[in-house]
């Protein structure tokens with residue numbers, strides 16, 4: 001695995017960790033300030049916005065990073081300029097179209113999500129679609145140069161500005177006693193402001209970049225040809241990138257319906273969805289490594305395969321899965337075992353803990369599903385990855401209806417677990433059709449066993465006392481559980497000191 005890939009992954013991991021923490025943890029003070037109903041409305045609307053955002057961007061950033069990487073490998077600088085200019089025009093056009101559809105159809109969409117109380121939130125957040133697509137092209141440009149710092153820094157800046165305005169506005173609007181639907185709409189202003197801050201930062205970096213391509217005159221024929229090239233690659237990538245947002249959107253549309261079939265009154269569905277969202281907020285943190293691994297992985301695999309380096313591509317994929325096994329197993333086991341103290345410490349009570357535990361356990365397969373989708377995109381199987389996601393969404397819808405209508409809110413957690421496990425299996429099967437790969441090996445089994453041992457210890461001694469006591473226990477258990485996991489892994493030979501030294505040396509050199 002190349003040093004630039006390791007360095008890029010570390011930079012993006014740090015940036016994504018900060019971004020994900022800001023983007024997930026803020027839901028805790030938001031719930032504490034505004035309550036579960038506002039959190040529920042926010043969580044109903046946000047997946048819709050994410051789907052619209054990804055469709056408006058149409059996978060252009062990842063496609064641009066892949067195509068720029070290939071063009072630079074062949075020393076085609078004019079092609080880089082054509083790609084950036086064409087991608088900017090496409091992204092802006094898609095952004096305007098998506099904004100028009102989302103804002104214009106806000107009333108109908110709000111009704112589909114369970115009631116008109118979500119309409120203001122939809123209208124306000126849709127304005128972000130006028131900014132984010134254009135911003136995303138700059139991220140794709142820098143990723144194509146294998147420079148992950150601008151993407152990481154802009155993610156952190158965007159989330160910081162967004163979260164700051166969300167919490168400040170929530171505090172003010174609750175204090176002056178605005179209705180819940182107005183509060184949910186008002187806090188959404190943070191999204192376009194965060195995107196604008198990120199765009200300004202990236203634009204400044206781009207103007208100062210030594211690799212900034214000179215503008216070229218695009219003929220109509222060249223524009224059409226380049227557009228087709230970008231879209232042929234980007235649209236399947238966009239469908240693959242929709243994995244988590246689209247599955248969350250399926251939840252937004254189907255969970256309220258299934259809850260009503262279970263016997264819940266329409267006015268209570270937003271509140272119950274807020275309880276379910278407690279777990280999904282923490283899952284984003286659990287999947288941070290896989291999410292950050294995908295961005296540098298796609299252009300790297302593309303370049304390796306373009307050069308015919310099949311063995312190096314195989315080694316890159318195996319190393320990626322090995323790292324994901326090492327981190328995802330203990331994260332899922334630890335979060336699931338600490339569900340009750342986490343719920344009390346972060347959300348003030350233990351309501352919805354059973355559902356939350358199942359959702360947190362499913363973070364294991366969520367991480368593998370995200371990584372597998374990225375690998376398929378990197379090896380030229382974007383259409384297959386998109387097809388798997390479509391099937392996964394159909395399964396999620398059916399599983400929600402089946403399990404929630406029968407078991408209530410916990411059925412949403414069961415549905416999430418089953419769906420992501422299926423996507424993980426399907427992705428791995430599709431990868432093996434192109435490149436030999438073993439999902440299970442001795443190391444992966446050791447990581448799983450060590451994680452289950454750690455989780456069992458944390459679960460059986462977990463307290464259910466006050467909020468501060470629960471918070472203190474979670475902090476201590478995180479440190480103690482991490483040391484226990486690493487100790488067991490070393491004792492069973494899952495990682496050796498020599499391997500750790502080699503990895504650290506590669507990192508330092510990177």
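The numbers here are math on the coordinates, done by the rules we state, and not lab data. If you're wondering where the values come from, they're calculated on a predicted model, not measured in any experiment. Cβ: placed from backbone, ideal geometry, glycine included. Neighbour counts: every protein chain shown.
A few remarks follow.
- Placing a pseudo-label 7 Å from each Cα along the Cα-to-Cβ vector at residue 476 and residue 209 gives an inter-label distance of 5.0 nm.
- (i) 140; (ii) 157; (iii) 206, with the label sought being that of the calculated volume of the Cα convex hull per residue in Å³: (i)
- Tensor-based shape of the range 331-403 (alpha-carbon gyration tensor, a/c under 1.5 rounded, otherwise prolate or oblate): oblate
- The shape of the range 1-241 can be summarised by an equivalent ellipsoid whose semi-axes, obtained from the alpha carbon gyration tensor, come to 35, 21, 14 Å from longest to shortest.
- With contacts taken as Cα pairs under 8 Å at a separation of at least 6 residues, the chain carries a relative contact order of 21 percent.
- An oblate overall shape is assigned to the range 322-477, the ratio a/c of its alpha-carbon gyration tensor axes (a ≥ b ≥ c) being 1.5 or greater and a/b not exceeding b/c.
- Percent RCO, i.e. relative contact order, over the range 62-151, from Cα pairs under 8 Å lying at least 6 residues apart: 42
- Expected 222 nm ellipticity per residue - DSSP helices of 4 or more, -39500 (n - 2.57), all of the chain, to 500: -28000 deg cm²/dmol
- Both radii come from the Cα set of the range 136-235: Rg as radius of gyration, Rh as Kirkwood radius; their ratio Rg/Rh reads 1.16.
- Normalised by the number of residues in the range 1-241, the mean separation of alpha-carbon contacts (under 8 Å, six or more apart) gives a relative contact order of 33 percent.
- Once the C-beta distance of residue 89 and residue 260 is scaled by a Förster radius of 41 Å, the resulting FRET efficiency is 0.40 to the nearest 0.05.
- Net length gained if the chain between residue 149 and residue 310 were fully extended (0.36 nm per residue, minus Cα distance): 55.2 nm
- Scaling against 2.2 N^0.38 Å puts the C-alpha radius of gyration of the range 167-325 at 1.49.
- Spatial separation of Cα centroids for the range 73-101 and the range 431-452, in angstrom: 38
- Using the Cβ-Cβ distance between residue 174 and residue 456 with R0 set to 45 Å, the FRET efficiency from 1/(1 + (r/R0)^6) comes to roughly 0.65.
- Geometric descriptor of the range 310-362, per residue, is 69 Å³ (volume of the convex hull of the Cα atoms).
- Residue 322/residue 182 FRET efficiency (R0 60 Å; Cβ-Cβ; nearest 0.05): 0.75
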